[in-house]
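Engineer: Sending over a structure as structure tokens; questions will come in a sec.
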Amino acid sequence: INYKPKFVFPISNRPSNLMQEVYVAGFPFGYRLSTRIKVTKGIVSSLAGLGDDFTRVQVDAAIQPGNSGGPIYDVFGNVVAVAVAKLDYKYSIKEFNSIPELTNFGIKASMLRSFLSASNIQTIVDTSKKTPNLSQAVQDATYYVSCLMTMARYNEIKSKKVLFNEEQVS
């Protein structure tokens, strides 16, 4: 998107801690629920994701479709992870014979910093002081972005072996 936010969160330089208090901001279920940002609170419940994926953290703050890409931040307003997934209930029933509750995942800040650095994007240094008016900062820094691709178009593209034909190759 071509938009400059009013506020940019600093990205944490410190690794997350087990039981660290976190908040997740985003738009669960998109605009179908409402156009207002939602924030949930929880803790870092594991320093690894599913299958010991050490690029992720597990949090018990609620994450739904629509939170993906949103910040998971600490009490100071530092991004400690980016929301990416929740444990799929069908997988959980099949593998664990249980419905998952608050088993959600984010990509760690260290991975985010590596990606941004490789893309030559400067980041703001994290802080150990609370962001003034964190509630307003969350609203000023978190935006809803929607993909306009339809499922029919997605399935059409997915079924193709290549996304171009020979006439388009020079």
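The values are calculated or read from the model by the stated rules, or taken from the named source; none is laboratory data. The shown structure was predicted, so the numbers you read here are calculated from the model rather than taken from an experiment. Note: ideal-geometry Cβ built from the backbone for every residue, glycine included; neighbour counts use all protein chains shown. Surface accessibility is based on the protein's heavy atoms, side chains included, excluding ligands, DNA and RNA. Shrake-Rupley method; radii C 1.70, N 1.55, O 1.52, S 1.80 Å.
Engineer: For helix 109-118, what angle does its Cα long axis make with the longest principal axis of the chain, in degrees from 0 to 90 and rounded to 10?
Structural biologist: 60
Engineer: Here's another thing I want to ask about it. Over the Cα atoms of the chain, what radius of gyration and what Dmax do you get, in Å?
Structural biologist: Cα only, the chain: 18.0, 58 Å (Rg, Dmax).
Engineer: Also, quick follow-up: Placing +1 at every Lys and Arg Cβ and -1 at every Asp and Glu Cβ, with all other atoms neutral, what dipole size does the range 52-93 have around its Cα centre, in debye to the nearest 20?
Structural biologist: 140
Engineer: Just order 34-47, 61-74, 102-115, 16-29 by mean Cβ neighbour count inside 10 Å, highest at the front, would you?
Structural biologist: Per-residue Cβ counts within 10 Å, averaged per peptide and sorted highest first, yield 61-74, 102-115, 16-29, 34-47.
Engineer: Follow-up question, since we're still on this one. So what J values fall out for the range 37-43 if you push phi through Karplus, 6.51 cos²θ - 1.76 cosθ + 1.60 with θ = phi - 60°, rounded to Hz, Gly and Pro as x?
Structural biologist: Values, residue by residue: 5, 10, 10, 10, 10, x, 10 Hz.
Engineer: I'd like the carbon and sulfur percentage of the solvent accessible area for the chain, probe radius 1.4 Å, heavy atoms only, ligands and nucleic acids excluded.
Structural biologist: 56
Engineer: In the structure shown, do any of LYS38/LYS90; LYS4/LYS38; LYS38/LYS130; LYS108/LYS129 have a Cα-Cα gap over 23 Å, and if so which?
Structural biologist: LYS38/LYS90
Engineer: May I pose another question? Using θ = phi - 60° and the Karplus curve 6.51 cos²θ - 1.76 cosθ + 1.60, what whole-Hz ³J(HN,Hα) does each residue of the range 10-22 get, with Gly and Pro shown as x?
Structural biologist: x, 9, 4, 8, 9, x, 5, 10, 4, 6, 5, 6, 9
Engineer: Further question on the same structure: Ranked highest first by the average count of other Cβ atoms within 10 Å around their residues, in what order do 82-90, 123-131 fall?
Structural biologist: Averaged packing, sorted descending, gives the order 82-90, 123-131.
Engineer: Now a separate question. Report ³J(HN,Hα) in whole Hz for each residue of the range 53-61, in order, from the Karplus equation J = 6.51 cos²θ - 1.76 cosθ + 1.60 where θ = phi - 60°; Gly and Pro get x.
Structural biologist: 6, 7, 8, 10, 10, 9, 10, 9, 5
Engineer: Leaving out ligands and nucleic acids, and using a 1.4 Å probe, what accessible area per residue does the range 3-65 come to in Å²?
Structural biologist: Counting only protein heavy atoms, the per-residue value for the range 3-65 is 60 Å².
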